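Each remark here refers to the structure printed beneath this line.
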Amino acid sequence: DDLLRKDVKLANRNLGSGTRMLLERKLQVIARARRVDFAALTRKIRGYDSEMMTHRQVANAVASRRADVGVGLTSVAAEMNLQFIPIAEELYDFLAEKRLRNPHVRAFFRILASRDFQEQVEATTLGIKFSRESGRVVS
């Protein structure tokens, strides 16, 4: 809802990016709740039509005050000393399809499933969490 304030300018991600799609899903919920057309809602958001190619570009726009807010990663916000307000957690999958027999791919999934590896990454990389499913091959 804060994005609809006239004193707030958004640094948006590029069309087709996962981050932009996440924001659009959240805005669709707001549009439905307000019973307004999605396009009409987005027209009210200053900066909605901007297209930043990376999370770092979004953070730079906020840090340099060319924008007030943007959707991005916890780790990038922390690197740039920006305030971070979580809006969602996302799950990521690695797709390997026909390469599952490749020893390097198999090793990758074993490492990904390793609790030692997961604890090291979680301790050193802000914003990354592993699930019980991490490293599990699903067909």
Inset, instruction - Could you size up the charge dipole of the chain around its Cα centre, putting +1 on the beta carbon of Lys and Arg and -1 on that of Asp and Glu, and report it in debye to the nearest 20? - result: 360 debye
Legend entry - Mean Cβ count within 10 Å, highest first, over the residues of peptides 76-89, 17-30, 53-66: 53-66, 17-30, 76-89
Inset, instruction - Compute log10 of I(q)/I(0) for the chain with the Debye formula, placing one identical point scatterer on every Cα and leaving out solvent, at q = 0.15 Å⁻¹, to two decimals. - result: -0.86
Legend entry - Helix-only CD estimate at 222 nm, as mean residue ellipticity for the chain, using -39500 (n - 2.57) per DSSP H run (n ≥ 4): -12500 deg cm²/dmol
Inset, instruction - With the full set of protein chains in place, find how many percent of the accessible area of the chain is carbon and sulfur; take the probe as 1.4 Å. - result: 52 percent
Legend entry - Per residue value of the accessible surface for the stretch 19-129 (all protein chains in place, 1.4 Å probe), Å²: 77 Å²
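FRET efficiency for Ala39 and Leu82, Cβ-Cβ distance as r, R0 = 30 Å, nearest 0.05?
My answer for the efficiency is 0.55.
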Inset, instruction - Relative to the longest principal axis of the C-alpha atoms of the chain, give the angle of the C-alpha long axis of helix 18-34, reported between 0 and 90° and rounded to the nearest 10°. - result: 50 degrees
Legend entry - Separation of alpha-carbon centers, the stretch 21-71 and the stretch 75-139, rounded to whole Å: 26 Å
Inset, instruction - Would you list which lysines come within 16 Å of Lys26, measuring only between C-alpha atoms, while excluding same-chain residues fewer than 8 positions from it? - result: Lys44
Inset, instruction - Compute the acute angle (0 to 90°) between the alpha-carbon long axis of helix 103-113 and the principal axis of greatest extent of the alpha-carbon atoms of the chain; round to the nearest 10°. - result: 70 degrees
Inset, instruction - Mind listing the long-range amide H neighbours of Leu73? Cut-off is under 5 Å, sequence gap 5 or more, other chains count too, H placed in the peptide plane at 1.01 Å from N. - result: none
Legend entry - Qualifying trypsin sites (Lys or Arg not before Pro) for the stretch 72-139 [loop in DSSP, other Cβ within 10 Å: at most 14]: Arg101, Lys129, Arg132, Arg136
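The values are calculated or read from the model by the stated rules, or taken from the named source; none is laboratory data. These numbers were taken from a predicted model, which means no experiment stands behind them. Virtual Cβ from ideal backbone geometry, glycine too; neighbours counted across all protein chains shown. Heavy atoms of the whole protein, side chains included, go into the accessibility calculation; ligands, DNA and RNA do not. Shrake-Rupley method; radii C 1.70, N 1.55, O 1.52, S 1.80 Å.
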